Amino acid sequence: MILFHSETKFCMPFKATYKKWLKEIAKQEKKRIGNINIVFYNDEQLSALNKQYLNHKSLTDIITFDYSEKDILHGDICISIERVKENAKKFHTFFEEELSRVMGHGLLHLCGYKDKNKAEKSLMKQKEEGVLLLFRSLCNEW
């Protein structure tokens, strides 16, 4: 089950569309969706989580807490809506596109992909591009 929560005023649009897309990503990765919470925060809230749980003092757009068991994905994907908006401007893309990239990135972490070193970052970037292409193709079908 995929649930969306917001600790800000942000209201997730098109929940069913995003759920279908995330389930398709899991299916392509030969995984199944268990319990996944996608929680939206502001920068200050996510920064506090980053410091508390990861001992990082920087702003981030996403933190993923992975509780997966074998091929069943469980976890919390914590997203800063402020960072997503800023990154959309920075990278000259639409907010929805950046939000999709970040959500897909979080799900890829639950699938086992990392991004700590250069090789992992390169593979993650490839996977992100793939999930964005999937999102666009599924949106055209709906």
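The values are calculated or read from the model by the stated rules, or taken from the named source; none is laboratory data. In this text, all values refer to a predicted model and were calculated from it rather than measured experimentally. Ideal geometry is used to build each Cβ from the backbone, glycine not excepted, and the neighbour counts take in all protein chains shown.
Before moving on, here are some points about what is shown:
- Members of region 24-38 that are buried (at least 17 other Cβ atoms within 10 Å of the Cβ) and either of a type in the set (S, T, N, Q) or touching a Cys at 6+ places or on another chain (Cβ under 6 Å) (or both): E29, K31
- For region 77-136, filtering for residues that are of a type in the set (S, T, N, Q), in contact with a helix residue (DSSP H, G or I) (Cβ under 9 Å, 6 or more places away or on another chain) and either modelled with pLDDT of 95 or more or surrounded by 21 or more Cβ atoms within 10 Å (Cβ to Cβ) (or both) leaves 3.
- Residue list for region 54-66, restricted to those being over 12 Å from L107 (Cα atoms) and of a type outside the set (S, T, N, Q): L54, H56, K57, L59, D61
- Scope region 91-107; condition in a helix (DSSP H, G or I) and not charged (D, E, K, R); matching residues: F95, L99, S100, V102, M103, G104, H105, G106, L107
- Residue identified as part of a helix (DSSP H, G or I) and not acidic (D, E) among L132, L73, L59: L132
- Of the residues Y67, Y53, Y18, the single one that is under 19 Å from R83 (Cβ atoms) and surrounded by fewer than 18 Cβ atoms within 10 Å (Cβ to Cβ) is Y53.
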